[in-house]
1. Would you pick out the residues in segment C:117-136 that are surrounded by fewer than 21 Cβ atoms within 10 Å (Cβ to Cβ), in contact with a strand residue (DSSP E or B) (Cβ under 7 Å, 6 or more places away or on another chain) and not polar (S, T, N, Q)?
2. Tell me yes or no: at least one residue of segment C:280-291 is within 24 Å of C:Leu410 (Cβ to Cβ) and in a loop (DSSP other than H, G, I, E, B).
3. Pull up segment B:243-296, narrow it to residues that are within 14 Å of chain C (Cβ to nearest Cβ) and loosely packed, with under 13 Cβ neighbours inside 10 Å, then point me to the one that is modelled with the lowest pLDDT.
4. Since B:Ser84 meets every condition but one in (1) polar (S, T, N, Q); (2) within 13 Å of chain A (Cβ to nearest Cβ); (3) surrounded by 18 or more Cβ atoms within 10 Å (Cβ to Cβ), which condition does it not meet?
5. Mind telling me which of the residues A:Ser2, A:Ser11 ends up being small (Gly, Ala, Ser), more than 18 Å from B:Gln36 (Cα to Cα) and without any contact (Cβ under 8 Å) to a residue 12 or more places away in the chain?
6. Within segment C:261-288, how many residues turn out to be among the basic types (Lys, Arg) and surrounded by fewer than 24 Cβ atoms within 10 Å (Cβ to Cβ)?
7. Regarding segment C:499-506, can at least one residue be identified that is crowded, with 23+ Cβ neighbours inside 10 Å and closer than 30 Å to C:Glu221 by Cα?
8. Are any of the residues in segment C:413-435 closer than 26 Å to A:Glu28 by Cβ, among the small types (Gly, Ala, Ser) and either free of Cβ contacts under 8 Å to residues at least 40 places away in the same chain or in contact with a Pro (Cβ under 7 Å, 6 or more places away or on another chain) (or both)?
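The values are calculated or read from the model by the stated rules, or taken from the named source; none is laboratory data. Fair warning: this is a prediction, and the values are worked out from it, not measured in the lab. Virtual Cβ from ideal backbone geometry, glycine too; neighbours counted across all protein chains shown.
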Amino acid sequence: MSWKIWSLKKSPWVFHVNAGACNNCDIEIVNLLTPKFDVERLGIKLVGSPRHADALLVTGVGTRQAVPRLKEVYRQTAKPCVVFLVGACSCGTGIFHEGYHVEGPVDKIIREEDPNAIIAYVPGCPPKPEAMISGIVKALSAL
Amino acid sequence: MSVPLNILFWVVVIPGTVILGLVACWIVRKVSALVQWRVGPPLCQPLYDIMKLMGKEILVPQDAQRTVFMAAPLVGLAGVLLLSMMLWRITVAQTAFIGDIIVAIYLMVLPSLALILGSSASGSPHAAIGTSREMKLVMGYELSLVLAFIVVIIKTGGQLDLATIAQQAPALSISGMLAFLVALLCVQAKLGFVPFDIAEAETEVAGGVLIEYSGALLAVWKVMHAVMLVALPLFLVTVFLGGFGTTGWSLVWGIGKYVLIVVLLILIKNTNPRVRIDQAMKFFWFYCGIALVAAIILATIGSYYGIGWL
Amino acid sequence: MNQEELNNKLSEIKDKLIAVEQPADSRIYLTCEAENSYAVNKFLFEDVPLRFVIATGIDSDDCFEILYHYAYDETGCMVTLKAFIRDRENPAIESIAPFMPAAEWIEREIHDILGIEFKNHPDMRRLILADDWPEGIYPLRKDAKKPVKRPDGEVCSRPIVQSQSPARRTVELSKPVVAVGPFHPLQEEMEFFQLTVDGEIVTDIDMRISYNHRGIEKISESLQFDQVPFLVSRICGICSASHPLAYVQAVEDIAGVQPPERALYVRTIINELERIHSHVLWVGLAGHFIGYDTVFMWAWKYREPVLDLLEEITGNRNNYGNVKVGGCREDIPDELTPKILKELDKIEKKMEMLTKAVLDDPILHARLKGVGILTREAAVDYAVTGPTARGSDVGIDVRRDDPYAAYGALDWNVITQTEGDVFAKAVVRLLETFESIKIVRQALKNLPDGPVTTEVKEIPPGEAVGHAEAPRGETFHYVRSDGGNRPVRHKVRAPSYVNVPSFRASCIGQHIADVTITLAAVDPCYSCTERLAVVDQHKNVIHDYDTLLRLSREKTARIKKEMGAPELKMEDL
């Protein structure tokens, strides 16, 4: 294992992108910071700029209006980066599959931008914070 | 100092300073977490962060001035490393002149200057806001800092040589204490800590100023910040508190002085709300200005009549 | 004015109407032609006066219908005015937005989704569809198909009009607003605000939504009646109990079903637990906005036990999926009652400390009082609901006015404050938490025995409105059935839809340092304030969200300094 990957696992900084979600996943993501879950002890940190991020936590279906912004964020993220699709919506548009304003699923949108993107899926509606942490850990150990 | 020791010194000093700085970073993060009833990051977290950033891609914005954008962090890092090297040389090796207080003041401006250069070269409107704030802040505290050192120079009888100044402890007098307190606040601002984290958000090294930096360049900024956490308190120890010893109790005492200053910085950070830029300017120019003028007058009288405690 | 007087009052306008129906005491349906709708609406809004809830646009087979929903809160009566637009080729109707700011957004929305022209509308820009949505495709028309590709792709059935930058109306920018970002570590929803400022004072505010538009109303038409609750609980993660409840009440109204008593109590309990966790969440966020990050961490810590309770009852921390047409899916087992009561005691103690700390804190008084005032008149004009209205002395609460679930049988108070500022809204929310705890306690005590569900055979043709008090205000659902197993039209109005436009009344004239907290004060379905740019008329400086947050925090610090007050200590909480 190269030192790059090893250190990436030790210090994944995440950036949160809402691409048209119901807020559930988003609140649970913010919940990760609070005392009960405190992901800083795992070195996970929410950062304020995609340029600083190693992982994108994408929630939501990818609405027509949000898709260009989502792609822009992906372009701005320094590689290597992992895209975590948090929640049923971003994993496969879920219950909103038929929506006229839905361009998702998000993995398709990200692949359009970069066919080799590393994508991890954390299903659930919403996934529990424990599931998100576990998803992040699993995806990182698979690198 | 013997030759092998000398070599050892040069080998150890840079990595040592960086490691010390990373530990200091960790302390700052851990204390904040504990206040918020969280566990906080592990000891090696800042090191992991730096290593990770080193392995990442560097993105340069299209509108950026490429050369300046890339060079700025290196200039800043070189500045603080040079400063810390000078200080270690004086405190540990205690050799003759390798730089005086004027050089040190110049070197201390370098990080802020580099930050301003780098962020304004990035061409981002958000970084521009951060830049203008940083610039105002530098103009605010730099005058106070220089005045504080003038007090020291007067107290030590016109000495500019850091090694000689380090033999004395000007803080053990009224004027010296005033100057020391002001300098401490200036260091707080230089480090971008609350209440003077105006240009830099606290959670990241800089939310606004560094928004466009990524990968190894961001790592350099982080290292620079970490080294500043070592160099600036150490500088205060050298100038105001009589420096470091190398043996026995004087070494312990020196470490004690360093820890004291770091603790003071963290205390100020955690018990104060953020101030606005105009408040910061007013604070440094007006209140600190008055205090320092008083200190200079006292110090002059003291040295003229030979009264040490003034 | 009681119900009879209301009916008499409504008969004054009878000559402009085609028909008046009153299937139940508290449900009145009026019908009129499009030409008369302006006059009737003006009468309803200004002379009766009724509170405007929302309008629904429907594509019937032979005509378009615009349904104006009103509420008469004194008796809990819902009045629906139906206007028929017979011309299918060029559908048009007089706009009511000139005298009713609350209708501005919904008319823009109906224009987007049905292509109906509103004559004399003050600001007919695109609202909920994406910038690159092709002109001339109206998704809620029955013949609409989803446009297949993005405009930079290939297929598109109509010519594309490039983005008209709807968010930029007032000021021409010399620099573009950064499209993505400014982001913040606490960024939640994608909504875009643009503030126009003169120096430090906000002179105009504009919003761009659509980032989160998923087309739920259309999807709902493709789901069966029993599937829709799962969809609508995903409209908003924090209101995931109130939305399905409002929908289910509408469908039960159509079907004439009365759910069993126990189900009503279970619904009450889940809704009130939701209100508690939502209000505590807001307190934490408000703390973050004014620079008390420790309050943020601690409030969210106190919120966790409520989520644990909800998980134990329904199986999920959010999105409970518990309510269904004719009752509830899951019962609250009796063994759980003591545990819930015990947890409630703990939560109440924590909340008492938190409330005391907030109400007694001189810095918060100075920081929040007189900030972002929404006057009573503005609150009525914008038809705001929930804590936003109650903080402005508009004492409306669906739970009391039109009792549903078990609220009518329980003893609790509606909290109102008169000032209309941010502090008043905070007080309303904090005190409501205690009322909610009271309600849950009573409901658990009086929980009747019996089943929680009845059988519902079929949904007959018909239409009905249902509403419920979500943590942020009134959630309104309109459902129309044609006797099949799917709704033919399902209109949803979330409380933030009327609360958010009131920013125009509360933010203009404010210092920009106060804007974040003013925006956050209506609790705009989590905080929409995350996407926000400020345009300075003179300097063309674009302030980002961080700047505003910083300004907000600095003002707190300044007040703190002026008052010489000590830091808020966690021991006080």
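1. If the condition is that a residue be surrounded by fewer than 21 Cβ atoms within 10 Å (Cβ to Cβ), in contact with a strand residue (DSSP E or B) (Cβ under 7 Å, 6 or more places away or on another chain) and not polar (S, T, N, Q), then C:Glu117, C:Lys119, C:Met124 are the ones that fit.
2. Within segment C:280-291 (the criterion being within 24 Å of C:Leu410 (Cβ to Cβ) and in a loop (DSSP other than H, G, I, E, B)), the answer is no, since none of the residues qualifies.
3. So the first thing to find is which residues in segment B:243-296 are within 14 Å of chain C (Cβ to nearest Cβ), and the list is B:267-283, B:287.
Keeping just the survivors that are loosely packed, with under 13 Cβ neighbours inside 10 Å gives B:267, B:271, B:278.
Details: B:Leu267: 76, B:Thr271: 60, B:Asp278: 67.
Ranking the candidates gives B:Thr271 first.
4. (2)
5. Details: A:Ser11 fails: without any contact (Cβ under 8 Å) to a residue 12 or more places away in the chain.
From the options A:Ser2, A:Ser11, the qualifying one is A:Ser2.
6. Initially, segment C:261-288 is screened for residues among the basic types (Lys, Arg), giving C:262, C:267, C:275.
Filter once more, keeping what is surrounded by fewer than 24 Cβ atoms within 10 Å (Cβ to Cβ): C:262.
Of the residues in that region, 1 qualify.
7. Yes: segment C:499-506 contains one or more residues that are crowded, with 23+ Cβ neighbours inside 10 Å and closer than 30 Å to C:Glu221 by Cα.
8. Scanning segment C:413-435, I find no residue that is closer than 26 Å to A:Glu28 by Cβ, among the small types (Gly, Ala, Ser) and either free of Cβ contacts under 8 Å to residues at least 40 places away in the same chain or in contact with a Pro (Cβ under 7 Å, 6 or more places away or on another chain) (or both), so the answer is no.
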